[in-house]
Amino acid sequence: MPEFNWPESDRRWRIGKHRTRVDGPDKSCGAAEFTYDVKLFGMLYARMLPCPHARARVISVDTSAAEAMKGVHAVRVIQGPGTEIKWAADDIVAVAAETEEIAGDAVNAIKVDYEVLEHFVFEEHLDKAPEVNPAQEQTTGEPAQAFSDAKAQSEGYYGCGVVSHACHESHGHVAHWTDEEHLTVFSSTQAVTGLVGQFSEALEIPAANVRIICQNMGGGFGSKFSADRWGIECARLARQTKRPVKLMLERGPELQIAGGRPSTFARVKTAVDADGNLTGWDSKSWGTGGPSGTGSPPLPYVFEVPNRKHQHSSVPANIGPSRAWRAPNHPQACFVTMTALEDMAATIEMDPLDFFLKNISLTGVRAESYAEELKLGAQMMGWKRKWKPRGQNGDGPVKRGLGLSLHTWGGRGHQSNCEVLIHPDGSAEARVASQDLGTGTRTVIATVLAETFGLRVRDVTVRIGDSRFPASGASGGSTTVGGVSSSTRRGAINALEILLQKVAPELGVAPEELEAVRGRIRVKASPNRYLTWKQATGQLGVNPISAAGSNPGPGKLIDSGVAGIQMADVSVDIETGITKINKMVAIQDCGLIIDMLTAKSQVYGALTMGISYALCEERIMDPVTGRLLNDDMEFYKLPGIGDIGDLIVHMMTGPGYDERGVIGLGEPPVISPGAAISNAVANAIGVRVPYLPLTPDRVLEALEKGGAA
Amino acid sequence: MPEGKRPEENGSGISRRDFFKTSTAGAVSTALISKQGMAAPGEVTKFGPDPVKIKLIVNGKGRGLKVEPRVTLLDALRNELDVTGPKKVCDRATCGACTVLMDGKPVYACSILAIEAEGKQIVTAEGLGSPDKMHPIQKAFVENDAQQCGFCTPGFVVACQSFLEENPNPSVKDIEEGLGGNLCRCGTYKGIREAVLETAAKGGIDA
Ligand code: FES
Ligand code: FES
């Protein structure tokens, strides 16, 4: 049996280099086809009628006018009379028509009577919530004792509201029945393999008859694991009309019903001893993620304060149900913890960098990495030179401040299967039913395949995004890169083994004495004895080599658990309340990096998304109607190219990191920005702005309560 | 509810988009536009409410199609002509994913009617270059990884091309101001900034 490992650093020609993404040219030339772009012969366009009320009972639905319309092929009531609707924009009726415009007309012609019911959408005011579900209190050590012995205590209130996933490509599908029993669905999904069962079950056909295709998808961030009710309805409309049907959510519903990150509010107390060691933590948090409330964020985050107490209350609210949002619960927990700790550092007049370093042993197994990263980050930020105590940086109206934060994540590779083919003509191919969310999955698979075969990346072909390929896990929780890189590596090693056995006699050595390097199969001990790759594969006859690789599997190729730190440098205008990012530094480890360019892009992207939830975006609910007030992209704010400042990313590589194997990266860097930026703003203006996003009105309100003059 | 509900532009409480897109009565949505653009008084051509035949010049090729007058240029390109580089994201002139060039100027195709574009030269990302023969800005996008999911990319590429035409030697500040009309959810702005600077440094869009 061959050995399954990654090449040593001096034998990595492709892995770890800055390699441009293999599908980059298609994307930048508009040639990459997304689900939204799919057009099939005879395809109809579907639209849904959203409910205008946050809570209501459907009394009657009159679809007659819609059905009578020319060009309308099917009208399906999704939630009929008697149904209780629990959030605004929930889908009531779906319509399929010849054109998008006609579908829109038909939706507008539908009449629904509702009995409007009481709703609740404003969970920040816990006392007004009709229902609060407190969880069991969790206690470790002797918190009461720690607070009574404390040299200093700090207390604060922190909160971040619900944010939407706001994928650029909205959720949706194109459903196509190739005959009465066989369904092909083009899906904008994070789970090509996983969707098969969801469609087959709902439509009552064998899973073997369902095919899911997703060649490119325009962002998911945790919100696209499900076929969704509208996906099933899309398939039903297609079955009913015997025509392919496309159903993509419109922007308003996309922002309301297709995923959000739960809110978190918390009151926190911390305690330290005379040396500045953290001794006590006490938090009460609450939040909502829709009608079923929300789970508890892991508080305190990363720092295992020896004496701690935490209680979380779940608050049901009439908003679209939450979905996993990049690093579920971590950004909120990180925000609450790192801001509370920074407030403590300010209370005892200590530089937070020193305070974090002093308490770094509380971070557990990754303490050394955190310390190394904090010191490196401090250098890159010029922390010691630039940092000033709160509110003392800047004489004019513009104040400057620094903030930091740290985070963790698992990121172990998911289950994945890969088929690797070596064709007699020398072409090589990997097939995996995975998906590329823009993270670079295709590029990673190509890099691993090319490295293993000693070929150039452009010489290999990667086929993903089709459930007919070997099953692979959903892309969530930073599990994809570990899953597909290791299944591909094992499959490629297995395939190469077969090829080496085939050509060994011709080179007059045992297969173990051969290696695949630089387009050649050569004898390790005398590199001048070789066959070119093509000469070697030419000996295969008519059939290609087909070999499988899986994860988990033999050998150590992956690991789990990362540390990361981030620092922010901001300017805040205390007259306007506007915060500007000057610079952010992110130091991140993720084990062995397969492609440096796309890995760094993940971190730049996460910083940008972090700046977004720290400064710009949030769902603004109208307490009176229970609707989302900013249900379009003009008012659901995302940052633009001028809002990100200077972003510095450093990936930890080399000894201590590479030998751990591959670890996922999508989640970790999006966790810290909110905390780091909030801390920088507090440092700049001398007072904590308790909420994210740090909009100008909130900054001014906090200043009014006391801050930089 | 999700259809345009924000009064804008004409102060009548009916937005331009409502006027065009949400009216169910075709006659109301009839636009009064001459073949060459906005009508001069006295010589008006009335389109609709039924589908009308128009001709669009897309990436150098004349293409005939039949659309209702209320159909946007973006929907006509995507749904009728299979030109899917321009994407629909906000559908409300906010995000720039649908950016195309119309007679050399960047426009949001979601906020222009197809009939308004009749006779005009429309260029999309597909028209700037192809994967085998990329335009310098497309190449720079690839080299600087100025794209992740790639959904905002074709619109951004077109916006960058036109920005560089106006600003052959841009500063970072110019970029921040000039490219503020396009949004990216994946967070590729740093790469885009570098792609634009690199293209300029290497001799610009004609290099
Ligand atoms: S889709 Fe046209 S600007 Fe957003
Ligand atoms: S690359 Fe995904 S939206 Fe820009």
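The values are calculated or read from the model by the stated rules, or taken from the named source; none is laboratory data. Just so we're clear, the structure is a prediction, and the values are computed from it rather than from any experiment. Methodologically, a virtual Cβ is constructed for each residue, glycine included, from the backbone with ideal geometry; neighbour enumeration extends over all protein chains shown.
For A:Ser472, are the conditions met, namely being away from ligand 2 (no atom under 16 Å from the Cβ), of a type in the set (S, T, N, Q) and touching a Cys at 6+ places or on another chain (Cβ under 9 Å)?
Working: away from ligand 2 (no atom under 16 Å from the Cβ): yes; of a type in the set (S, T, N, Q): yes; touching a Cys at 6+ places or on another chain (Cβ under 9 Å): yes.
Taking the combined requirement at face value, the residue satisfies it.
Just to be sure I understand the filter: pairs with C-beta atoms under 8 Å, separated by 6 or more residues or on different chains, first member in the stretch B:106-120 and under 21 Å from B:Pro154 (Cβ atoms), second member charged (D, E, K, R) and within 9 Å of ligand 1 (Cβ to nearest atom). Which pairs pass?
Final answer for the pair search is B:Cys110/B:Lys88; B:Cys110/B:Asp91; B:Cys110/B:Arg92; B:Ser111/B:Arg92.
Just checking, does the stretch A:217-240 include any residue being in contact with a Phe, Trp or Tyr (Cβ under 8 Å, 6 or more places away or on another chain), part of a strand (DSSP E or B) and more than 16 Å from ligand 1 (Cβ to nearest atom)?
no
Among B:Lys88, B:Lys66, B:Lys61, which is within 16 Å of ligand 2 (Cβ to nearest atom) and assigned by TED's automatic domain parsing to the domain that holds B:Ile112?
The unique qualifying residue is B:Lys88.
Please verify whether the stretch A:505-521 includes one or more residues that are outside any strand (DSSP E or B) and surrounded by 19 or more Cβ atoms within 10 Å (Cβ to Cβ).
Quick first cut of the stretch A:505-521, residues outside any strand (DSSP E or B) only: A:505-513, A:518-519.
Now drop any that are not surrounded by 19 or more Cβ atoms within 10 Å (Cβ to Cβ), which leaves A:507.
Yes - at least one qualifying residue is present in the stretch A:505-521.
For B:Asp75, state whether it is facing chain A (nearest Cβ under 8 Å), part of a helix (DSSP H, G or I) and more than 16 Å from ligand 2 (Cβ to nearest atom).
Yes, satisfied.
If A:Glu368 meets every condition in (1) touching a residue at least 60 places away in the same chain (Cβ under 8 Å); (2) surrounded by fewer than 21 Cβ atoms within 10 Å (Cβ to Cβ) apart from one, which number is that one?
Going through the list (1) touching a residue at least 60 places away in the same chain (Cβ under 8 Å); (2) surrounded by fewer than 21 Cβ atoms within 10 Å (Cβ to Cβ), A:Glu368 breaks only (1).
I need every pair where a residue in the stretch B:74-92 that is acidic (Asp, Glu) has its Cβ under 9 Å from the Cβ of a residue that is within 15 Å of ligand 2 (Cβ to nearest atom) and in a helix (DSSP H, G or I), sequence separation at least 6 or different chains.
Hits for this filter: B:Asp82/A:Asp37; B:Asp91/A:Arg251.
Taking the stretch A:101-130 as the search range and keeping residues that are without any contact (Cβ under 8 Å) to a residue 12 or more places away in the chain and more than 14 Å from chain B (Cβ to nearest Cβ), which one is surrounded by the fewest Cβ atoms within 10 Å (Cβ to Cβ)?
For the stretch A:101-130, the residue satisfying everything is A:Asp127.
Enumerate the helices (runs of 4 or more DSSP H) found wholly within the stretch A:330-384, keeping only those where 3 or more residues are more than 30 Å from A:Trp286 (Cβ to Cβ).
A:352-358, A:367-381
If I go through the stretch A:597-646 residue by residue, how many of them are more than 16 Å from ligand 2 (Cβ to nearest atom) and among the aromatic types (Phe, Trp, Tyr)?
1
Identify, from the list B:Phe151, B:Phe156, B:Phe141, the residue that is within 7 Å of chain A (Cβ to nearest Cβ) and within 16 Å of ligand 1 (Cβ to nearest atom).
Of B:Phe151, B:Phe156, B:Phe141, the one residue that is within 7 Å of chain A (Cβ to nearest Cβ) and within 16 Å of ligand 1 (Cβ to nearest atom) is B:Phe151.
Restricting to the stretch B:94-138, what's the tally of residues that are away from every other protein chain (no Cβ under 14 Å) and either within 19 Å of B:Ile54 (Cα to Cα) or part of a loop (DSSP other than H, G, I, E, B) (or both)?
The number of residues fulfilling the criteria is 10.
Taking A:Gly656 and the conditions (1) at pLDDT 95 or above; (2) more than 16 Å from ligand 2 (Cβ to nearest atom), which numbered condition does it fall short on, given that it satisfies the others?
A:Gly656 satisfies all of (1) at pLDDT 95 or above; (2) more than 16 Å from ligand 2 (Cβ to nearest atom) except (1).
Tell me, which residue of the stretch A:627-638 that is at the interface with another protein chain (Cβ under 8 Å from one of its Cβ atoms) and closer than 16 Å to B:Gly187 by Cβ is surrounded by the fewest Cβ atoms within 10 Å (Cβ to Cβ)?
Taking the candidates together, the pick is A:Leu638.
Which residue is farthest from ligand 2 (Cβ to nearest atom), if the candidates are limited to the stretch A:205-226 and must be under 18 Å from the mean Cα position of the chain (by Cα) and more than 14 Å from every other protein chain (Cβ to nearest Cβ)?
Per the stated criteria, the residue is A:Ser226.
Considering every residue within the stretch B:177-195, establish whether at least one is of a type in the set (S, T, N, Q), more than 7 Å from chain A (Cβ to nearest Cβ) and more than 10 Å from ligand 2 (Cβ to nearest atom).
no
If a residue has to be farther than 22 Å from A:Trp387 by Cβ and either among the hydrophobic types (A, V, I, L, M, F, W, C) or within 14 Å of another protein chain (Cβ to nearest Cβ) (or both) to count, how many in the stretch A:645-666 make the cut?
Adding up the residues that qualify gives 6.
So which residues in the stretch B:143-160 are in a helix (DSSP H, G or I) and surrounded by fewer than 24 Cβ atoms within 10 Å (Cβ to Cβ)?
The one that is in a helix (DSSP H, G or I) and surrounded by fewer than 24 Cβ atoms within 10 Å (Cβ to Cβ): B:Glu143.
Is the stretch A:266-288 home to any residue that is within 14 Å of chain B (Cβ to nearest Cβ), over 17 Å from A:Phe34 (Cα atoms) and part of a loop (DSSP other than H, G, I, E, B)? I'd like the intermediate steps shown before the answer.
Filtering the stretch A:266-288 for residues within 14 Å of chain B (Cβ to nearest Cβ) gives none.
For the stretch A:266-288, residues within 14 Å of chain B (Cβ to nearest Cβ), over 17 Å from A:Phe34 (Cα atoms) and part of a loop (DSSP other than H, G, I, E, B): absent.
Of all the residues that make up the stretch B:149-174, how many are within 16 Å of ligand 2 (Cβ to nearest atom) and either among the aliphatic types (A, V, I, L, M) or in contact (Cβ under 8 Å) with a residue 24 or more places away in the chain (or both)?
Going through the stretch B:149-174 one residue at a time, the tally reaches 11.
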